[in-house]
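Below is one structure, written out as structure tokens, with a few remarks after it.
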Amino acid sequence: MHPLEHVLSDDAAPDFALRVQADQLRLLFRQSFPAVYISVVVALVVCQTLWTEVRHELLLGWLFLLCLCSLVRYTLFRLYWQRKPQGMQILAWEKPYALTLFATSLIWGLGILWFVSESTPLYRLVEFLFLLGMSAGAFSHYSARRYMVMGAMTSVLLPTTIWFLFCGQSMEVSLSIAALLFVCVLIQAGNAMSAAQAENLKLTYYLEAARHKAEQMAHTDELTGLENRRAFFDQGQALASYCERNRRPLSVVMIDADNFKQINDRFGHAVGDAVLRHLAGHMKARRRKSDICGRLGGEEFAMLLPDTSLGEAMLLAERLCQACATLPMSVEGEAVLSTVSIGVASEGYSIEYLLSCADEALYQAKAAGRNRVVAWTNRDIIAS
Ligand SMILES: Nc1nc2c(ncn2[C@@H]2O[C@H](COP(=O)(O)OP(=O)(O)OP(=O)(O)O)[C@@H](O)[C@H]2O)c(=O)[nH]1
């Protein structure tokens with residue numbers, strides 16, 4: 001288990017292994033493009049060096065094959081930059097990337113093997129040095145994906161190394177043993193690098209997810225998923241300022257569960273919590289995107305409605321009141337009904353003042369027998 005895993009719930013932790021794979025592939029596309037050119041340039045140098053040593057048609061045939069494969073790889077990179085695959089889409093590019101990489105590496109490995117078999121010992125040494133250089137290049141370019149670096153290095157180096165090992169010449173055998181050691185060391189270093197990089201990426205994802213969760217927790221009421229009191233006031237004030245600047249109406253609806261203590265006493269606190277979530281569900285079902293719905297504390301809720309007149313807010317409040325009174329929650333086969341009393345106000349642009357008006361109206365609704373909506377006006381209080 002990762003040390004940061006305990007701060008994340010299961011749904012907050014996406015499939016990090018796949019994300020690592022996708023990001024490593026993205027890194028490969030970014031860092032390995034120069035290898036397409038370098039491979040062709042080095043191949044030209046090889047041909048020039050071996051021009052007097054190896055048959056020309058063999059050299060040119062090999063160079064042609066290598067250029068063709070490099071062209072396919074170049075096209076792959078161009079397509080990748082044009083399409084810019086997002087998120088996990090990039091995983092579909094892994095196969096063509098790996099196939100073209102292994103094809104290029106094999107052309108190198110088998111081509112030099114052929115040249116070696118036609119060359120004098122001095123040229124064999126030169127050819128082998130080219131191979132060592134190419135496999136070191138593969139290490140630096142493809143280390144982001146372990147199997148790619150191993151595949152590329154072994155395809156380049158192994159054919160000639162094996163040929164050297166069994167050709168019976170002492171210098172070639174020594175070279176092949178040195179090359180095998182070289183490959184082992186590079187593979188081990190490649191494994192360590194790739195694992196460290198994967199661990200770093202995972203750490204970044206965990207920190208990202210933990211920060212996102214902390215941000216959510218800071219403004220969300222854990223029980224109902226609505227905004228908490230602080231967020232309601234913070235976001236509410238910004239919304240109120242916007243309405244004031246644009247001379248738009250702003251209303252607040254304050255909701256309080258009726259006789260909630262009795263529900264807790266009769267069914268227990270857990271059922272009481274479920275009833276609060278049920279009430280919050282009714283609010284969520286009626287909110288517009290621009291509305292702010294919050295739990296102010298205990299069994300008291302509020303909705304801040306921009307662009308909404310008192311009459312429109314009354315309509316919404318009455319529907320909400322009716323839904324709470326007619327759509328009970330089922331607990332172990334028994335219907336649990338919790339009515340609500342609601343106070344509505346549309347008076348100015350101060351959240352504190354709006355809430356105090358709505359609270360006054362709510363108090364009147366309770367006093368008048370609960371399960372009703374009362375609107376506050378600056379003239380008088382009007383009951384629906
Ligand atoms: N289950 C549960 N109960 C809560 C929570 N917060 C507050 N309460 C309870 O809500 C009840 C509120 O009781 P009162 O303030 O007397 O109000 P009421 O019983 O709804 O009566 P009226 O508001 O006058 O209709 C108390 O028993 C609190 O313990 C909560 O998060 N979960």
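Can you sort Glu53, Glu199 from fewest to most other Cβ atoms within 10 Å of each residue's own Cβ? The partial results should precede the final answer.
Working: Glu53 16, Glu199 12.
Listing Glu53, Glu199 from fewest to most nearby Cβ atoms yields Glu199, Glu53.
Mind giving me the FRET efficiency for Ser309 and Thr220? R0 is 35 Å, r the Cβ-Cβ distance, nearest 0.05 is fine.
Values: r = 29 Å, r/R0 = 0.83.
The formula returns an efficiency of 0.75 here.
GluC sites (Glu not before Pro), restricted to segment 278-384: which are DSSP loop and have at most 14 other Cβ atoms within 10 Å? List each step's numbers first, then the result.
On the way: sites: Glu299, Glu300, Glu312, Glu318, Glu332, Glu334, Glu347, Glu352, Glu360; in loops: Glu299, Glu332, Glu347.
Passing both the DSSP loop test and the Cβ count: Glu332.
Between Lys366 and Leu337, how high is the FRET efficiency from 1/(1 + (r/R0)^6) when r is the Cβ-Cβ distance and R₀ = 25 Å? Nearest 0.05.
Calculated transfer efficiency: 0.90.
Would you mind calculating the gained length between Gln86 and Arg26 on full extension (0.36 nm times residue separation, minus the Cα-Cα distance), in nm to one decimal?
Numbers: separation 60, 0.36 × 60 = 21.60 nm, distance 0.99 nm.
20.6 nm is the gain from fully extending Gln86 to Arg26.
As a test of the formula, what do you get for the chain when each DSSP H run with n ≥ 4 contributes -39,500 (n - 2.57) and the sum is divided by the residue count, at 222 nm and rounded to the nearest 500 deg cm²/dmol?
Numbers: 12 runs with 256 residues, N = 384.
It comes out at -23000 deg cm²/dmol, rounded to the nearest 500.
Using only Cα atoms, figure out Rg for the chain and give it as a multiple of 2.2 N^0.38 Å. Could you put the intermediate results ahead of the total?
Working: Rg = 35.9 Å, N = 384, 2.2 N^0.38 = 21.1 Å.
Relative to the 2.2 N^0.38 Å estimate, the chain comes out at 1.70.
Taking 7 Å along the Cα-to-C-beta vector as the label spot, tell me the Ser356-Leu110 distance in nanometres, rounded to one decimal.
8.7
Can you put Asp221, Asp234 in order of Cβ neighbours within 10 angstrom, beginning with the fewest? Could the numbers behind the result be given before it?
On the way: Asp221 21, Asp234 15.
Arranged by neighbour count, lowest to highest, Asp221, Asp234 become Asp234, Asp221.
Where a ≥ b ≥ c are the square roots of the eigenvalues of the C-alpha gyration tensor, would you call segment 229-383 rounded, which needs a/c under 1.5, or, failing that, prolate if a/b is larger than b/c, or oblate? Each step should come with its number before you reach the end.
Details: a/c = 2.10, a/b = 1.68, b/c = 1.25.
Note, shape of segment 229-383 comes out prolate.
What shape does segment 53-190 take by its C-alpha gyration tensor, where a ≥ b ≥ c are the square roots of the eigenvalues and a/c under 1.5 counts as rounded, a/b above b/c as prolate, and the rest as oblate? Walk me through the intermediate numbers first.
Values: a/c = 3.36, a/b = 1.60, b/c = 2.10.
Oblate is the answer for segment 53-190, as a/c is 1.5 or above yet b/c matches or exceeds a/b.
For the chain, list the DSSP H helices whose alpha carbon atoms reach 18 Å or more along the long axis and whose average Kyte-Doolittle value is 0.0 or above?
Values: long enough: 16-31 (22 Å, 0.07); 33-50 (27 Å, 2.13); 56-83 (40 Å, 0.81); 94-117 (34 Å, 1.06); 121-142 (31 Å, 0.88); 146-166 (29 Å, 1.23); 170-219 (74 Å, 0.44); 229-245 (24 Å, -0.75); 269-286 (26 Å, -0.09); 310-326 (24 Å, 0.78); 351-367 (24 Å, 0.25).
Span-like helices, by this rule, are 16-31, 33-50, 56-83, 94-117, 121-142, 146-166, 170-219, 310-326, 351-367.
Taking every DSSP beta bridge with both residues inside segment 229-383, roughly what % is antiparallel (nearest 5)?
Numbers: 24 of 28 bridges.
Antiparallel bridges make up about 85 percent of those DSSP assigns within segment 229-383.
On a straight-distance basis, which lysines could pair with Lys202 in a cross-link, Cα separation under 26 angstrom, same-chain partners fewer than 8 positions away excluded?
Counting by Cα, and skipping residues close in sequence, Lys202 has these lysines nearby: Lys84, Lys95, Lys213.
Give me the one-decimal nm value for the distance between modelled label points at Tyr242 and Phe267, 7 Å along each residue's Cα-to-Cβ direction.
3.5
Here, each number is a calculation from the coordinates, and none is a lab measurement. These numbers were taken from a predicted model, which means no experiment stands behind them. Every residue, glycine among them, receives a Cβ derived from its backbone with ideal geometry; neighbour counts consider all protein chains shown.
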